[in-house]
Amino acid sequence: MYPDTKIAIPIFKENKEEILKTAKDYIKKGADILELRIDAITNPNPKDVESIIEEINFPTIATNRVRSEGGSFKGSEEERVNILLECCDVAKYVDIELKTDKKHIDSIVKTGVKTIISFHDFEKTPPIEKMLEIVEKEKKIGDIAKIAVMPQTLEDTLDVLAILSHFDNTIAISMGQLGSYTRVIAPKFKAPITFAASDDVTAPGQIDIETMKVLLNMNILDCDELIE
C-alpha cells in the first residue's frame, strides 16, 4: 500500500438524508476522502450544502460538475460557482474545472481553500502534447491538477501514465474498462488521490472500494522482489 495516495469515493445522491447515510457507509468501508457531487443534489442551496459537509465531518472534495464535463447541475454558472464558494471554509478540497471562467476560478483560489483544477473528456484521449499543456495550466492555478479522459486504445492509457510520471500532485485517470488499471497503478506514481466507487459509479471504469483496497494492499504491481 502507498499511504500517500488517498482513496476517494464520490457521493451522488439527491438529498441530505441520503448523503449523510451514504457518507457514513463509505467511511466505514475505508474511504480516505469523500467527493460530494453537489450537482446530483435536487435544487442545492449554498448554505444547505455547507451544512451537509459540516455534518459529514470527514475530509471532503466539494464538486459541482459542469454539464459539459459529465455533470448534472441545472442552474446558472454563477449559481454553480457560488455554491462552491460557500464550501470553501468546510471542504478539504474544492474541484473546479479548468474551462471555468478565470474570474470564478480566481474567486475560489483567493479563499485559500485547497483546489483541484480538473479537465474531463468522456469521448477521447487528447494527444499527449495537449494533455501536458492542460496539466501545466492546471498546476499554475491550483494545488492538484486532474485530468480524466476516455481511451480508445491501450496506447492512450499509457499516455495517461506518462502524464503521472511527468508531474507531481496530479491525478491522471484513463476511464472505462480499458483504463481502469490506471486507478490502481496511480499510487506507484505518487498520485495524491485515486477514485474508487461503492454504489455510486460516477465515471466509467471506477473500481469498487473493496476491490481497490485489496489490490493496493496486495501490492500486486510491485515487482521489485521479483527483479532482485
>> Need the list of lysines near Lys137 for cross-linking: C-alpha distance under 26 angstrom, and skip anything on the same chain fewer than eight residues off.
In response: Lys6, Lys92, Lys99, Lys102, Lys103, Lys110, Lys114, Lys124, Lys146, Lys188, Lys190
> For the chain, max minus min Cα coordinate along each principal axis, in Å, sorted largest first?
Replying inline: 56, 38, 29
> When only Cα pairs under 8 Å and 6 or more residues apart are kept, what is the percent relative contact order across the range 6-227?
Replying inline: 16 percent
> Length gain on complete extension for the stretch Lys114 to Glu210, per 0.36 nm per residue less the alpha carbon to alpha carbon distance?
Replying inline: 31.8 nm
> Out of residues 5 or more away from Asp121 or on other chains, whose amide H comes under 5 Å of its own, with H placed 1.01 Å from N in the peptide plane?
Replying inline: Ala148, Val149, Met150
> Once the Cα atoms of helix 128-141 and of the chain are each reduced to a long axis, what angle between those two axes, in degrees from 0 to 90 to the nearest 10, is obtained?
Replying inline: 50 degrees
> Going 7 Å from the Cα of Glu14 toward and past its Cβ, which residues in the range 22-66 have a backbone nitrogen under 17 Å from where you end up?
Replying inline: 22, 37-45
> For Lys16, which lysines qualify as cross-link partners when the Cα separation must be under 16 Å and same-chain residues fewer than eight apart are set aside?
Replying inline: Lys24, Lys47
> Which whole-Hz couplings ³J(HN,Hα) result when phi for each residue of the range 101-115 is put into the Karplus expression 6.51 cos²θ - 1.76 cosθ + 1.60, θ = phi - 60°, listed in order with x for Gly and Pro?
Replying inline: 3, 3, 5, 6, 4, 4, 5, 7, 4, 5, 5, x, 5, 5, 10
> Taking amide H positions as placed 1.01 Å from N in the peptide plane, with prolines and chain starts having none, which residues 5 or more places from Asp208, or on another chain, fall under 5 Å of its amide H?
Replying inline: Ala197
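The numbers here are math on the coordinates, done by the rules we state, and not lab data. From a predicted model like this one, the values you see are computed outputs, not experimental measurements. Positions of Cβ are backbone-derived with ideal geometry, glycine not excepted, and every protein chain shown enters the neighbour counts.
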